[in-house]
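Here is the structure we will look at, set down as structure tokens.
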Number of protein chains: 4
Amino acid sequence: MRGLKLVSRDYQRENTVVKVGSAAVGSGQKMFMAGPCAVESLGQITGIAEQIKDYTHILRGGAYKPRTSPYSFQGLEEEGLGFLRDAGRAAGLPVVTEVVAPEDVDLVGSYADLLQIGARNMHNYPLLKRVGSQAKPVLLKRGFGATLEELLFSAEYILAFGNSQVILCERGIRTFNKHTSSTLDLGAVPVLQQLTHLPVIVDPSHGTGRWDLVQPLALAALAAGADGLMIEVHDQPEKALSDGPQALKPEKYKTLIKTARRLVQCLGGWEQ
Amino acid sequence: MRGLKLVSRDYQRENTVVKVGSAAVGSGQKMFMAGPCAVESLGQITGIAEQIKDYTHILRGGAYKPRTSPYSFQGLEEEGLGFLRDAGRAAGLPVVTEVVAPEDVDLVGSYADLLQIGARNMHNYPLLKRVGSQAKPVLLKRGFGATLEELLFSAEYILAFGNSQVILCERGIRTFNKHTSSTLDLGAVPVLQQLTHLPVIVDPSHGTGRWDLVQPLALAALAAGADGLMIEVHDQPEKALSDGPQALKPEKYKTLIKTARRLVQCLGGWEQ
Amino acid sequence: MRGLKLVSRDYQRENTVVKVGSAAVGSGQKMFMAGPCAVESLGQITGIAEQIKDYTHILRGGAYKPRTSPYSFQGLEEEGLGFLRDAGRAAGLPVVTEVVAPEDVDLVGSYADLLQIGARNMHNYPLLKRVGSQAKPVLLKRGFGATLEELLFSAEYILAFGNSQVILCERGIRTFNKHTSSTLDLGAVPVLQQLTHLPVIVDPSHGTGRWDLVQPLALAALAAGADGLMIEVHDQPEKALSDGPQALKPEKYKTLIKTARRLVQCLGGWEQ
Amino acid sequence: MRGLKLVSRDYQRENTVVKVGSAAVGSGQKMFMAGPCAVESLGQITGIAEQIKDYTHILRGGAYKPRTSPYSFQGLEEEGLGFLRDAGRAAGLPVVTEVVAPEDVDLVGSYADLLQIGARNMHNYPLLKRVGSQAKPVLLKRGFGATLEELLFSAEYILAFGNSQVILCERGIRTFNKHTSSTLDLGAVPVLQQLTHLPVIVDPSHGTGRWDLVQPLALAALAAGADGLMIEVHDQPEKALSDGPQALKPEKYKTLIKTARRLVQCLGGWEQ
């Protein structure tokens, strides 16, 4: 696209592989990121990590939560970062968590292996410049009102400021649909893979807002060629402090990953 | 949904299987419908049918084309219906074609095995009543501006007028996206399968408007649980009189179906 | 726009004025069309017409109703056409009503002064061809999922088949908004007036789905340069058989038109 | 709406009037904010201010520009703030400018009379908390992918942190429309005025992206009841460093404001 440089396939033909601790995103092997929307306690995050570790490459959990209402749970902040890091270490998994302000980047980076820029901050350029100016890899989610061109330009900010370790994430867009909170745009996966060398994953949890749609759309995302998935898992969704309705229980998540592995294996050699 | 009766899962638990000649849609076996957007000549449709018959359950081809411009090719009408029927017989395939006006229903029904109501006519109630009053099965495409509730109510019209042989088809909705002509809403597949007993297929050709995205989204649709696919195939897309840019060449289509069969086979026992 | 001919400003510089009985739409004087969504009885339509006749140029009322559900009131059909015509004559107003099928065009045309093609039928090309082949003027509503290019091409069908008396109507599009049933696109008014010589009116009733928003958006439409308004009026909205929530009571409608006249008068000489 | 408190009409019946230097937004008198998208030089901003001061209540100009591309002009930052303040003083106008990062709030607040939170930052909660914790009034623009509920909750953040001086601004939403960059949602004006006591203005420049549509939609916004307008004015749009295509030349702007005053005057006593 006109104006894009560093993120473009024309600039770099081979795929970028983003190393996140022991995980390599974009290497060909599908990567699964999972965990609760929000870190609620050490016991909660440790317990969930323990149950899903054999089916997961990167543990997710939010400590700084961008919430629509100022009266909703805003996250445990630094304490939550510590719980997440400890749960990851105990489970032997690298961790990803969201950063929402430039001044928090160093702090969050001292705990996390992968820094998430959420959909609401895709256009937050000072934040993009800041994560571009440090070394930790970045997971950039597409804004729910953003075009692919805007997503790629937001990634361009990060690369232009010096950090080439960026993973893109499709998580659904705003449409007139009423049956899901967002409409997951799986066409974005092959289109982004044509336009950029950066890995592309999909979040079917936020992409639907409904736990019962997570498996079919997770499998669809992999069939469309996604390099991985980010899925919300909670052991007690009904008691979750955030986004319970879209969280899978650990058992359902394991079934999904088993099925996903079968799909990936048999499609192994498929030409896109 | 409130007000829905005959199409609802609450009204009929078991899946409806729609018989189209030798094909059974909704039976569990995935059904592949393919052919050119428009029937252009006997040679064209017969040649394409010959090339794809071993990978196809139902042959498609338009004889009455709803075109945005009055100056675009409008289809061969009854002559085209004859070419399609003959090509189907030669290839041993049942045929599906679009009907756009109530007064054409009997004529089209005398040639076709499956009557298509296109996206632009999903809200055309006199047409829905008319196809509901005859015996040939109906393929009802979702309007690109329609909610799932509206799609189900349009199907309800057909069943309420006496025809229970209806297949639903997701073909993409209008969004702010610029990289595809429509945004394929694959979440619609599992949602519809929860709400109704009617089979649900997906059209990734109109759903993207780009031939290079048809395979990844066709596979995604099957992984999401679609009962089948409708795909545009043309031996000379660059010379097609309609929708060339989204048509696959026969070779590419065969590769897609081979891959699709592999996917379906290995996902055979997957629980949604 | 590429491919447009007869409807284009390049083809005809001066504005088309559409004569509807005593009314002239596009003449510079703003035209107000009003009445109930559906004709429910002779008494209902006659009573409403009597109350609003001094504030109205064209009386509206539906006899053939395209309803989402087959179980909703579908209109009084020919009986309703008679009631509407008689009410119009008694009030000295020409009448507009919707036609939904090609085979009904002659019948509806024998009662109505202006034939409405509803939003759901904007892409119904056999119907467009049919109204293009007869002499009564046509009110063409924009489909809620249609681009302006598609609206203009649908008008092109009517002109290409011989009828140049076409009025365009913006009535709202599908968006992610939750506060109104549609999002009224008032930018469409000046854009259409640049692209075509046909008159452009606005329907703030369907455009919002809320009676309490009709006045502000009706005034906004006139300020944006609309050639007229189509507004739903019902004497007992709470008992209306269709679209009650968006209908104004006659008193509210009169207040709106008084205000609208004031606005038009003082903006009389405004340059767009 | 559920969960809203301080911004709700139920919490405060009477309209909030936001004082910005000599201007009072929400007082009943319509307020006009105008100026270039970006401050480019002292001469540019001073010259524009001089030409429009008699038609303007608040001077706008961006010093920190959130741009889609990292390679686009990013604004003059603090130097631009000084130019804007000086131009405002020379013209006798208070000034509004955008702040994009929490750490810049105090600096920007030391130059500006009104702090703008742009559409891209409507969901930037740390920024909302920060402007809520200081005394300068805030202009909060609706995100182009945001519902009105989300806009009101973002305003709730500012009030909840202690700052009740907030102006809301509708600037267009993302839709499938191709004729404008955004679709201006004028229904949002009366709906917001029902739900909240905060003033509501409209930005037809970003709302359309086309200078030729600014006047009709500006007048429409006032007719819909907006408390004011924000309009981009540039003396050399073709040379503007940002958003030239949507900027009015000073002469066109003056004509618009003259017409707007006439409209407001004659609608003075209109009941919504």
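Send over a whole-number figure in Å² for the accessible area per residue of chain C, probe 1.4 Å.
Values: 8580 Å² over 272 residues.
With the other protein chains kept in place, chain C gives 32 Å² per residue.
Considering only DSSP beta bridges whose two residues both sit in the stretch D:18-266, what percent are antiparallel, to the nearest 5? Numbers along the way, then the final one.
Details: 4 of 30 bridges.
Percentage antiparallel, nearest 5: 15.
Straight distance only, please: which lysines reach the Cα of A:Lys19 with their own Cα at less than 16 Å, same-chain residues fewer than 8 apart left out?
Of all the lysines, those that pass the test against A:Lys19 - Cα under 16 Å, at least 8 places apart if same chain - are A:Lys30, A:Lys136.
Output, in nm with one decimal and in ascending order, the distances from the D:Met1 label point to the matching label points of the other copies (7 Å from Cα along Cα-to-Cβ).
Its label point is 2.3, 2.7, 3.2 nm from the equivalent points in the other copies.
Quick query: amide H of C:Ile173 versus all other amide H atoms, modeled in the peptide plane; which residues come in under 5 Å with a sequence gap of 5 or more or a different chain?
Result for C:Ile173 returns C:Thr183, C:Leu184, C:Asp185.
What whole-number distance in Å separates the alpha-carbon centres of the stretch D:16-43 and the stretch A:1-63?
Cα centres, the stretch D:16-43 to the stretch A:1-63: 45 Å.
Calculate the spin-label point distance for B:Asp212 paired with D:Glu77, positioning each point 7 Å from the Cα along the beta-carbon direction, and give it in nanometres.
About 3.9 nm separates the two model spin labels.
Leaving out ligands, DNA and RNA, calculate the buried accessible area for the pair B and A with a 1.4 Å probe, summed over both sides, in Å² to the nearest 100.
On the way: alone 11540 and 11530 Å², together 19920 Å².
Chains B and A together bury roughly 3100 Å² of accessible area.
When Cβ neighbours within 10 Å are restricted to other protein chains, what is their mean count per residue of peptide C:220-232?
What the average comes to for C:220-232 is 4.
How much of the accessible area of the protein assembly as shown, in percent, comes from carbon and sulfur atoms when a 1.4 Å probe is used?
48
Mind checking C:96-106 for the average number of partner chain beta-carbons within 10 Å of each residue's beta-carbon? List each step's numbers first, then the result.
Details: counts 0, 0, 0, 0, 5, 9, 5, 4, 2, 0, 0.
What the average comes to for C:96-106 is 2.
Mind listing the label-point distances from A:Asp235 to the same position on all other copies, shortest first, one decimal in nm, points 7 Å along Cα→Cβ?
Distances between equivalent label points, in nm: 6.3, 6.8, 6.9.
Pairs of alpha-carbon atoms within less than 8 angstrom and 6+ residues apart define the contacts here; what relative contact order does the stretch D:140-272 have, in percent?
18
May I ask you to order B:125-133, B:201-209, B:73-81 by the average number of other C-beta atoms within 10 Å around their residues, highest value first?
By packing density, highest mean first, the sequence is B:201-209, B:125-133, B:73-81.
Once label points are set 7 Å from the Cα along Cα→Cβ at both B:Met1 and B:Gln265, what is their separation, rounded to one decimal in nm?
Output for this residue pair reads 3.8 nm.
Give me the dipole magnitude in Debye, nearest 20, for the protein assembly as shown about the Cα centre, with unit charges on the beta carbon: positive for Lys and Arg, negative for Asp and Glu.
Computed charge dipole of the protein assembly as shown: roughly 0 debye.
Which of the residues in the stretch C:151-179 lose at least 50 Å² of accessible area when you go from the chain alone to all protein chains together (probe 1.4 Å)?
For the stretch C:151-179, once contacts with the other chains are taken into account, C:Phe153, C:Tyr157, C:Arg174, C:Phe176, C:His179 lose 50 Å² or more.
On the rotation axis linking copies D and A, which residue of D comes nearest by its Cβ, and by how many whole Å?
D:Gly145, 1
Distances from D:Gly162 to the same residue in each other copy, label points 7 Å out along Cα→Cβ, in nm, shortest first?
Nearest to farthest, the other copies are at 3.5, 7.6, 7.7 nm.
Please tell me the relative contact order of chain D in percent, rounded to the nearest whole number, where contacts are Cα pairs under 8 Å and at least six residues apart.
19
Would you mind calculating the relative contact order of the stretch C:124-207 from Cα pairs under 8 angstrom and at least 6 residues apart, reporting the percent as a whole number? Intermediate results must be reported in sequence, preceding the final value.
On the way: 140 pairs, mean separation 24.6, N = 84.
Dividing the mean separation by the residue count of the stretch C:124-207 yields 29 percent.
For chain A, what does the alpha-carbon gyration tensor say about shape, rounded, prolate or oblate, given a ≥ b ≥ c as the root eigenvalues, a/c under 1.5 as rounded, and a/b over b/c as prolate?
Rounded, because the longest to shortest axis ratio a/c is under 1.5.
Using a ≥ b ≥ c from the Cα gyration tensor of the stretch B:181-272 (square roots of the eigenvalues), is it rounded, prolate or oblate, where a/c under 1.5 gives rounded and otherwise the larger of a/b and b/c decides, a/b for prolate? Walk me through the numbers before you get to the answer.
Details: a/c = 2.67, a/b = 1.57, b/c = 1.69.
It comes out oblate by the Cα gyration axes.
Check the straight Cα-Cα distances from C:Lys249 and name the aspartates and glutamates below 14 Å, setting aside those fewer than 8 residues away within the same chain.
Reachable aspartates and glutamates: C:Glu50, C:Asp212, C:Glu232, C:Asp235, C:Glu238.
Does the protein assembly as shown classify as rounded, prolate or oblate by the C-alpha gyration tensor (a ≥ b ≥ c root eigenvalues; a/c under 1.5 gives rounded; else a/b over b/c gives prolate, otherwise oblate)?
Oblate, since a/c reaches 1.5 and b/c is not below a/b.
Would you mind telling me which residue in D:Asp235, D:Asp243, D:Asp106 has the biggest mean-square fluctuation in a Gaussian network model of chain D, where springs connect alpha carbons within a distance under 10 angstrom?
D:Asp106
Counting DSSP beta bridges in the protein assembly as shown, what percent are antiparallel, to the nearest 5? Kindly include the intermediate steps, with their values, before the conclusion.
Numbers: 20 of 124 bridges.
Of those bridges, close to 15 percent are antiparallel.
Using a basic spin-label model with each label point 7 Å from the Cα along Cα→Cβ, how many nm lie between B:Asp86 and A:Tyr11?
My value for the distance between the label points is 5.7 nm.
The values are calculated or read from the model by the stated rules, or taken from the named source; none is laboratory data. Worth saying up front: this structure is predicted, and the values here are computed from it rather than measured. Glycine also receives a Cβ, built like all others from the backbone with ideal geometry; neighbour counts cover every protein chain displayed. To get the accessible areas, we keep the full protein, side chains included, count just its heavy atoms, and leave off ligands, DNA and RNA. Shrake-Rupley method; radii C 1.70, N 1.55, O 1.52, S 1.80 Å.
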